[in-house]
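S.K.: Below: one structure in C-alpha cells.
The values are calculated or read from the model by the stated rules, or taken from the named source; none is laboratory data. Keep in mind that this is a model prediction, so the values were computed, not measured. With ideal geometry, Cβ positions are generated from the backbone for all residues, glycine too; neighbour counts draw on all protein chains shown.
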Amino acid sequence: MQKELTEAILAEIRSGVSEDSVFYESGYNITFETIPSGSKKDSNEVTVRERARATAFVFKKDDLAKFIAQGTLKSFDSSPLTIQGAEQVDFVLKSPLSFDSEVAGPIRFGLKGNVTLIWKVDEAKLQSDLAGISKKMLTEIIGKYSSIKSAEAVVSPIWKGTFPNDISKIK
C-alpha cells in the first residue's frame with residue numbers, strides 16, 4: 001500500500017511543478033502512519049488506513065541559478081540570471097538524511113553536475129539606452145551592463161552611423 005501511495009504522491013508533486021521550477025526525484029521525504037480502524041463484527045474484512053505526509057524540495061530555477069552563482073563564481077554581482085540543465089543535476093540531501101517538515105532548521109544539500117548560467121538583460125532598457133546614439137558609443141553603453149560580455153551592432157543602411165530613434169526597430 002505504501003508503494004502505491006508513494007507513487008501517487010510523487011505524481012501529484014510532479015504535476016504541481018511549474019515550468020520555472022525544478023523538482024529532484026531524490027529531494028523528498030514521505031512518512032507513513034497507520035490509522036487504527038476496527039473490523040466489522042460479522043465480517044471477514046478489515047480496513048487498513050494509512051496517512052502519508054510528504055515534503056518535497058521544489059526550487060525556482062532563477063533562485064537555484066543565483067544560489068549556484070553565489071557558491072561558484074568569484075565575482076558574482078547579484079545580476080538577474082537563469083539556468084539551463086537544472087533538471088540533469090544530481091540532488092543529494094546531506095544533513096539530516098531524513099528530515100521532519102514540522103521542525104524548522106537548515107537543510108543541507110549538494111548538487112552535482114553541469115549547468116549553464118544565463119544572465120538576463122533588460123532588453124527594453126538596453127533598447128532605450130541605444131536609441132538615437134552613435135554606433136561608436138556601443139562599447140560605452142554595453143559597459144553599463146555587467147551581464148553583457150560583448151556585443152556587435154549592425155546598423156543599416158550601412159552609411160548610417162546611429163541607432164534608430166524608434167526602439168521598436170532595435171532588435
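S.K.: When you scan segment 42-97, how many residues do you find that are among the hydrophobic types (A, V, I, L, M, F, W, C), farther than 25 Å from Gly27 by Cα and either surrounded by 12 or more Cβ atoms within 10 Å (Cβ to Cβ) or touching a helix residue (DSSP H, G or I) at 6+ places or on another chain (Cβ under 9 Å) (or both)?
M.R.: So the answer is 1.
S.K.: Just wondering, is there one or more residues in segment 73-93 that are out of contact with any His (no Cβ under 6 Å at 6 or more places or on another chain), without any contact (Cβ under 8 Å) to a residue 12 or more places away in the chain and assigned to a helix (DSSP H, G or I)?
M.R.: no
S.K.: Hey, another quick one. Test Glu50 against the stated conditions and say whether it is touching a strand residue (DSSP E or B) at 6+ places or on another chain (Cβ under 7 Å), charged (D, E, K, R) and over 22 Å from Ile107 (Cα atoms). Spell out the reasoning first.
M.R.: Values: touching a strand residue (DSSP E or B) at 6+ places or on another chain (Cβ under 7 Å): yes; charged (D, E, K, R): yes; over 22 Å from Ile107 (Cα atoms): yes.
It is true that Glu50 is touching a strand residue (DSSP E or B) at 6+ places or on another chain (Cβ under 7 Å), charged (D, E, K, R) and over 22 Å from Ile107 (Cα atoms).
S.K.: Does Arg108 satisfy the criteria of being closer than 30 Å to Met1 by Cα and without any contact (Cβ under 8 Å) to a residue 40 or more places away in the chain? Quick ask: steps written out before the conclusion?
M.R.: Numbers: closer than 30 Å to Met1 by Cα: no; without any contact (Cβ under 8 Å) to a residue 40 or more places away in the chain: yes.
Considered against the rule, which asks whether it is closer than 30 Å to Met1 by Cα and without any contact (Cβ under 8 Å) to a residue 40 or more places away in the chain, Arg108 comes out as no.
S.K.: What about Glu87, is it modelled with pLDDT of 85 or more, of a type outside the set (Val, Ile, Thr) and farther than 29 Å from Tyr145 by Cβ? Steps first, please.
M.R.: Numbers: modelled with pLDDT of 85 or more: yes; of a type outside the set (Val, Ile, Thr): yes; farther than 29 Å from Tyr145 by Cβ: no.
No, not satisfied.
S.K.: Out of the residues in segment 103-143 that are β-branched (Val, Ile, Thr) and assigned to a helix (DSSP H, G or I), which is surrounded by the most Cβ atoms within 10 Å (Cβ to Cβ)? First the steps, then the outcome.
M.R.: If we filter segment 103-143 for residues that are β-branched (Val, Ile, Thr), which is where we start, we get 103, 107, 115-116, 118, 121, 133, 139, 141-142.
Restricting the remaining residues to those that are assigned to a helix (DSSP H, G or I) gives 139, 141-142.
Working: Thr139: 11, Ile141: 16, Ile142: 18.
Checked segment 103-143; the qualifying residue surrounded by the most Cβ atoms within 10 Å (Cβ to Cβ) is Ile142.
S.K.: Right, something else. Would a scan of segment 29-50 turn up a residue that is closer than 30 Å to Lys120 by Cα and at pLDDT 85 or above? Outline the logic, then answer.
M.R.: As a first pass, look at segment 29-50 and keep what is closer than 30 Å to Lys120 by Cα: none.
No: zero hits.
S.K.: Another one. Only one of Glu12, Glu19 is assigned to a helix (DSSP H, G or I) and loosely packed, with under 13 Cβ neighbours inside 10 Å. Can you tell me which?
M.R.: One residue alone meets the criteria, Glu12.
S.K.: Only one of (1) within 30 Å of Val121 (Cα to Cα); (2) among the charged types (D, E, K, R); (3) assigned to a strand (DSSP E or B) fails for Lys66. Which number is that?
M.R.: Lys66 satisfies every listed condition except (3).
S.K.: Could you check segment 98-144 and list, in sequence order, the residues that are of a type in the set (Phe, Trp, Tyr) and modelled with pLDDT under 85?
M.R.: Let us first name the residues in segment 98-144 that are of a type in the set (Phe, Trp, Tyr), namely 99, 109, 119.
Residue satisfying the conditions is Phe99 alone.
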